[in-house]
Amino acid sequence: MELEARRPNAEDSPLTRNIRMLENRLDKAMIKYNEAQSIRKTYEQIVKRLKEERIGFDNQLAALERTFSAKQRDYEELLLLSGDANHAREVAQAELERVRGGYEEERRRRESELRERHQVVQLRKQMQERIERRDKVRATAITTAALLCYYYRGTAVPATAPPRRRATSTTALYYYYYQY
């Protein structure tokens with residue numbers, strides 16, 4: 001019992017308290033150390049992963065830069081092609097307008113020529129109709145005159161008889177042939 005009685009005293013002694021306090025501090029320090037080690041391992045893993053990704057990112061960045069420069073060249077070529085296409089379109093439109101103008105001018109010229117020819121044909125038809133009517137009237141007048149001469153005189157008018165003067169109307173023909 002004596003030992004037990006000493007023990008509470010021994011536990012309460014300043015040395016024991018100091019040891020307990022140091023043990024507690026050591027435990028807290030160990031906990032902090034273990035947490036720090038765990039955090040350090042986590043950060044080391046992150047750094048390792050980032051280094052591995054950095055190698056891949058360099059390749060990806062290089063690929064992206066190559067793609068960008070290729071797209072930039074394609075864009076510049078497309079700009080040139082666009083300019084060329086616009087110029088070709090303008091030239092083609094100008095050519096089309098020129099051809100249309102020539103076509104319209106030729107069409108107007110042909111229509112005018114066709115109208116003129118149509119008028120000439122109409123005039124010729126009218127002249128031909130007048131000539132046919134005049135010939136028909138002459139033939140009728142000559143036939144009538146010959147029949148009248150035959151009827152009134154009993155003689156026929158010779159077909160080859162030269163006229164003494166030129167008859168200009170049916171009545172004149174009648175009187176002219178009536179004289180025979």
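The values are calculated or read from the model by the stated rules, or taken from the named source; none is laboratory data. The model shown is predicted, which means the values in this text are computed figures rather than measured ones. Quick reminder, even Gly has a Cβ in these numbers, built from the backbone with ideal geometry, and neighbours come from all protein chains shown.
Within the stretch 124-135, is even one residue charged (D, E, K, R), modelled with pLDDT under 95, surrounded by 10 or more Cβ atoms within 10 Å (Cβ to Cβ) and within 45 Å of the chain's Cα centre (by Cα)? Break it down stepwise before answering.
Taking the stretch 124-135 as the starting set, the residues that turn out to be charged (D, E, K, R) are 124-125, 129-130, 132-135.
Adding the requirement that they be modelled with pLDDT under 95 leaves 124-125, 129-130, 132-135.
Still in the list and also surrounded by 10 or more Cβ atoms within 10 Å (Cβ to Cβ): 124-125, 129-130, 132-135.
The next check asks that each one be within 45 Å of the chain's Cα centre (by Cα); those that pass are none.
No, the stretch 124-135 has no match at all.
Is it the case, given these coordinates, that LYS41 is surrounded by fewer than 10 Cβ atoms within 10 Å (Cβ to Cβ) and of a type outside the set (Ser, Thr, Tyr)?
Details: surrounded by fewer than 10 Cβ atoms within 10 Å (Cβ to Cβ): no; of a type outside the set (Ser, Thr, Tyr): yes.
So LYS41 does not fit the description; no.
Listed by first and then second residue, the pairs with beta-carbon distance under 9 Å, at least 6 apart or on different chains, first residue in the stretch 12-28 and assigned to a helix (DSSP H, G or I), second among the aliphatic types (A, V, I, L, M), are THR16/ALA10.
Suppose we filter LEU15, LEU50, LEU22, LEU81 for residues that are among the hydrophobic types (A, V, I, L, M, F, W, C), over 60 Å from the mean Cα position of the chain (by Cα) and surrounded by 10 or more Cβ atoms within 10 Å (Cβ to Cβ); which single one remains? Show your work before the answer.
Numbers: LEU15 fails: surrounded by 10 or more Cβ atoms within 10 Å (Cβ to Cβ); LEU50 fails: over 60 Å from the mean Cα position of the chain (by Cα); LEU81 fails: over 60 Å from the mean Cα position of the chain (by Cα).
Answer to the check: LEU22.
Do we find that TYR174 is touching a Ser or Thr at 6+ places or on another chain (Cβ under 8 Å) and either of a type outside the set (Lys, Arg) or modelled with pLDDT under 95 (or both) in this structure?
Working: touching a Ser or Thr at 6+ places or on another chain (Cβ under 8 Å): yes; either of a type outside the set (Lys, Arg) or modelled with pLDDT under 95 (or both): yes.
Answer is yes for this residue.
Any residue at all in the stretch 67-87 that's at pLDDT below 95 and basic (Lys, Arg)? Checked the stretch 67-87: no residue is at pLDDT below 95 and basic (Lys, Arg).
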